[in-house]
Amino acid sequence: MDYKGKETSVFQGRSLLAEKDYTPEELEYLIDFGLHLKALKKKGIPHHYLEGKNIALLFEKNSTRTRSAFTTAAIDLGAHPEFLGSNDIQLGSKESVEDTGRVLGSMFDGIEFRGFSQKTVEGLAKFSGVPVWNGLTDEWHPTQMLADFMTMKETFGDIKGKTLTFVGDGRNNMANSFLVTGSMLGVNIHIVAPKELFPEQSVIDTAQAYADKSGSKFMITDNIEEGVKGTNVIYTDVWVSMGEESQWDERIKLLKPYQVNMDMIKKTGQPDDQIIFMHCLPAFHDTNTKYGQDIKAKYGLNEMEVTDEVFRSKYARQFEEAENRMHSIKAIMAATLGNLFIPKV
């Protein structure tokens, strides 16, 4: 593919704040573009589509994969990334989102934001005048979605008609994004969670509108056997997100029965080549970290949302998925900032 050209990309100058900002066809294009850029990377072929650009990386929340992915993606594209952590920015304290957006937009060509409020990333996009990419908020996680469905496509060849089951906190940003993005892309999404943690009705309504067009089906249930039967992907996340640490007692009580283990994998009824496990990481699958040791000491658990047996099994794709964060993010930044020729899709 020759993406460099004289005409402006249909993506040029656009932000990615939530999956619904794009059409299903545009999301599919970005997934394929990510696969293309991954192939270039593996072959050692340079692709400096953002030569001379400066990228601001704003992080209210700590991160390993998101920070690493945006940093390496920017450098591979020829851009300079500048990390601004929670101690470096004044958002919501000494300086308004509008003022921050205007200042950064005058100095940088693009802005990544990973933090709490969706309103913050929307404000940055409104006032900065440059593309803003949502690296995670409490409501949505669009860059993770592109990497996840890219991983599914690598594994199965096609994602339409496949089924992904998210097990755990059905109200978090991952569950929200899977419901909406899967429904956009024709992937059947099952949310398996205790009733107390079912998704908000507004998210369900948004997903239903897309599912009606794509033909995908989604299910929201507290019944594990019903939810995982026939699925192609079992996906989970940590039981308590950043900022919710006070809720450990309640979440463990609710979610302990929903731990992903080998028995759950077997309940899918799928042959080995039609079932995989995925996790956006970090995962509490053993006690080899200080955090894990603290959890074990307090709750007596060696494993939490996923067992070590599943995490290290032949079904596991979480590390390929983690690498794909870089390639999919590279596709997003190149498409929206690289003056590439990408015709209407």
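The values are calculated or read from the model by the stated rules, or taken from the named source; none is laboratory data. If you're wondering where the values come from, they're calculated on a predicted model, not measured in any experiment. Every residue, glycine as well, gets a Cβ built from its backbone with ideal geometry; the counts of neighbours run over all protein chains shown. To get the accessible areas, we keep the full protein, side chains included, count just its heavy atoms, and leave off ligands, DNA and RNA. Shrake-Rupley method; radii C 1.70, N 1.55, O 1.52, S 1.80 Å.
Quick look at the values:
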read-out: Charge-dipole axis of the chain as Lys and Arg at +1 and Asp and Glu at -1 on Cβ define it, positive-most pick from Met333, Phe198, Gly123; value: Met333
read-out: Relative contact order, percent, the chain [alpha-carbon distance under 8 Å, six or more residues apart]; value: 24
read-out: Accessible area in square angstrom per residue, the stretch 95-166, 1.4 angstrom probe; value: 34
read-out: Trypsin sites (Lys or Arg not before Pro) restricted to the stretch 88-149 and DSSP loop, no more than 15 other C-beta within 10 Å; value: Lys94
read-out: Heavy-atom surface of the stretch 14-83, accessible at 1.4 Å and reported per residue (Å²); value: 42
read-out: Dimensionless Rg over Rh [the stretch 8-128; C-alpha; Kirkwood]; value: 0.97
read-out: Relative contact order computed over the stretch 200-345 (Cα-Cα under 8 Å; 6+ residues apart), in percent; value: 23
read-out: Sorted peptide list for 274-281, 317-324, criterion being average Cβ within 10 angstrom, highest first; value: 274-281, 317-324
read-out: Most mobile of Ser177, Ser15, Ser63 in a GNM of the chain (Cα contacts under 10 Å); value: Ser63
read-out: Radius of gyration and Dmax over the Cα atoms of the stretch 82-231, both given in Å; value: 17.8, 53
read-out: Surface accessible to a 1.4 Å probe, per residue, for the residues of the stretch 207-268, Å²; value: 50
read-out: Potential lengthening between Asp21 and Lys43 on full extension [0.36 nm per residue; Cα-Cα distance subtracted]; value: 4.7 nm
read-out: C-alpha center-to-center spacing [the stretch 89-154, the stretch 231-262] in angstrom; value: 26
read-out: Relative contact order (%) - the stretch 149-197, alpha-carbon pairs under 8 angstrom, separation at least six; value: 42
read-out: Qualifying GluC sites (Glu not before Pro) in the stretch 230-318, DSSP loop, other Cβ atoms within 10 Å at most 15; value: Glu244
read-out: Two-decimal Rg/Rh across the stretch 156-310, once Rg and the Kirkwood Rh are taken from alpha-carbon atoms; value: 0.97
read-out: Dipole magnitude of the stretch 89-149, debye to nearest 20 (Cβ charges: Lys/Arg +1, Asp/Glu -1, about Cα centre); value: 140
read-out: For the stretch 122-169, the Rg and Dmax computed from alpha carbons only, in angstrom; value: 14.7, 41
read-out: Surface share of carbon and sulfur [accessible, 1.4 angstrom probe, percent] for the stretch 161-213; value: 44
read-out: Accessible carbon and sulfur surface of the stretch 236-279 relative to its total accessible area, %, 1.4 Å; value: 47
read-out: Sulfur and carbon atoms: percent of accessible area, the stretch 1-152 [1.4 Å]; value: 48
read-out: Computed [θ] at 222 nm, helices only, for the chain once each DSSP H run of length n ≥ 4 contributes -39500 (n - 2.57); value: -13000 deg cm²/dmol
read-out: Dmax and Rg, reported as Rg then Dmax, of the chain (C-alpha, Å); value: 19.7, 61
